[in-house]
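All of the numbers you see were taken from the coordinates with simple rules; none came from a lab. Note that this is a predicted model, so its numbers are computed, not measured. Here the Cβ positions follow ideal geometry from the backbone for every residue, glycine too, while neighbour counts run over all protein chains shown.
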């Protein structure tokens, strides 16, 4: 999977990367100090980390639910064979 495909599949991460890109382009021609830019970028990277963790947790939850559903169906199938 390339970067663009990855961003399309992860909209939260894409928004954070766009925000970081916008900061690097000095939106509205504002000149900021290095400390201001560093603070803004640090905050966006924190948000990026949180979004990544949320997406990972959601993906893990989905896998658990799918495996649990499949396991439940297997148990029901075995029970039906016992009758």
Pairing the Cα long axis of helix 34-82 with the longest principal axis of the chain, what angle in degrees results, from 0 to 90 and rounded to the nearest 10? 10 degrees
In degrees between 0 and 90, to the nearest 10, how far off the longest principal axis of the chain does helix 11-24 point, with axes built from Cα atoms? 10 degrees
Between residue 15 and residue 60, what is the spin-label point distance in nm, taking each point 7 Å from the Cα along the Cα→C-beta axis? 2.3 nm
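Report D for the chain in µm² per second (integer): Stokes-Einstein, Kirkwood Rh on Cα pairs, 10 °C, 1.306 mPa s.
Numbers: Rh = 16.1 Å.
D = 98 µm²/s.
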In nanometres, the difference between 0.36 nm per residue of separation and the alpha-carbon distance of residue 71 and residue 8 is 19.5 nm
Using mean Cβ contacts within 10 Å as the protection proxy, how do 56-65, 38-47 order, highest first? 38-47, 56-65
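Sequence gap at least 6, Cα distance under 8 Å: using those rules, report the relative contact order of the chain to the nearest whole percent. Intermediate values should be presented prior to the final figure.
Values: 20 pairs, mean separation 26.1, N = 83.
Rounded, it is 31 percent for the chain.
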